[in-house]
1. Can you pull the one-decimal nm distance between simple spin-label points at Asp128 and Asp150, each 7 Å off the Cα toward Cβ?
2. Taking the DSSP beta bridges in the chain as the whole, what percent of them are antiparallel, to the nearest 5?
3. Could you please rank Ile166, Ile192, placing first whichever residue has the fewest other Cβ atoms within 10 Å of its Cβ?
4. Using +1 at the C-beta of Lys and Arg and -1 at the C-beta of Asp and Glu, which of Ser151, Leu103, Cys127 has the Cα lying farthest in the positive direction of the dipole of segment 95-157?
5. Among Glu196, Glu286, Glu180, which comes first, then next, by fewest other beta-carbon atoms within 10 Å?
6. Listed here are the pairs Lys132/Lys270; Lys104/Lys270; Lys77/Lys246; Lys132/Lys164; Lys96/Lys274; which of them are more than 30 Å apart at the Cα?
7. If the reach is capped at under 12 angstrom between alpha carbons, list the aspartates and glutamates near Lys43, excluding any in the same chain fewer than eight residues apart.
8. How much of the pair distance distribution for segment 95-157 lies past 15 Å, counting alpha-carbon pairs only, in percent?
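Each reported figure results from applying straightforward, stated rules to the coordinates on display, with no laboratory input. No experiment lies behind these values; they were computed from the predicted model shown. Reconstructed Cβ throughout: ideal geometry from the backbone, glycine too, with neighbour counts over all protein chains shown.
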Amino acid sequence: MTEYWKHEEDIRNSILKQLNLPKNEKQERKTLSSAYFQDLKEKLLIKYDNKSLSDVMNCKVCSTSCGDVLKITNEEKMDFDIADNDFKSQINHNLKLLPRVGLKTEENLKNKGYATIESLKGHDKYCDIASKFLNEIDDMSFGEIVDLLDSNRYSKRCRDNLIKCISLTEPENFKFMDIETKGLSNVPIILIGVAEIKGSKIISSQYFLRDYREEPNIIEAYLSHLDEDSVHVTFNGKSFDVPFIKNRSLYNGIEADLNLPHLDLMYFAKNLWKENLPNCQLQTIEREMFGIEREGDVPGQYIPGYYDTYLMENNIGPVVPIIEHNCQDIVSLASFLKKMYEDVN
């Protein structure tokens, strides 16, 4: 089972638990879940009949080079202070970052008194590569340091370093991002959400596909948030969200440079928290570690049908929970990253 469908299974089980339905009969779960979400959709159509998104959310129409786009904005207070951890000094103690230095070699060198890369400048064999490394690290961008840590063959043993190193960039550079789509491949993106830290607040910007012609517009609107210092922060976004945006950009003839530093928090969650959680799905982490209980959430497998109903009925009801779900996802990512940073330090 892929991570995507594990995520959906977790949501279904949560709903079934609330309804006191049996968990051990897969076909019954599937049938009852479908009936539940069909009923929910009908209730949403009634609740939001004759309403527009601007009636229930903070919306405005913005212009891009591709055309107009509907932007939904939300903001809330968030303390995202990242305490300095002198990460450059910590790198200096990781001898395994040097070529030809493995676990055993590092152990032997430290037993001989070479505790840092700096100290290896006095070693007969490693003096040159240590000096070269220290000269290069001073001039590296944040993205290059992420690449260095991620590409090292011992990166899984030192995965905490990829979280610790966020102290080397500004919180404003993080782009907490999530997309909602019409399916798993070769279909339109219907919503792109990005949250950004601005002082003591986190501000989310969501670009909603009012009809299929606007897909280039919402992609262009998202790209306007990115610059050379941006850092993608996602949950399973390395495998899904970013490649999906790349493919849809190509389909729509948009030049999109998405080769940015990328922190996929799904992998860090498994590394840090798997012993304390029943699973490492996004909503499980929200519930177990942050006390966030979602209500009226719509699993990904139902989103295409909900979106089709929105278009056919010209009724915003079915897409309201999808937009709310996406907003909660991107705000949660910021909470996850801050908590991870505190844990590894």
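1. 3.1
2. Numbers: 27 of 33 bridges.
Of the beta bridges lying entirely in the chain, close to 80 percent run antiparallel.
3. Working: Ile166 25, Ile192 29.
Fewest-to-most Cβ neighbours within 10 Å comes out as Ile166, Ile192.
4. Positive-end residue among those listed: Leu103.
5. Values: Glu196 21, Glu286 18, Glu180 25.
Ascending Cβ contact count within 10 Å gives the list Glu286, Glu196, Glu180.
6. Values: Lys132/Lys270 34 Å; Lys104/Lys270 26 Å; Lys77/Lys246 32 Å; Lys132/Lys164 23 Å; Lys96/Lys274 26 Å.
Flagged as over cut-off: Lys132/Lys270; Lys77/Lys246.
7. none
8. Values: 1003 of 1953 pairs.
Across segment 95-157, Cα pairs with separations above 15 Å total 51 percent.
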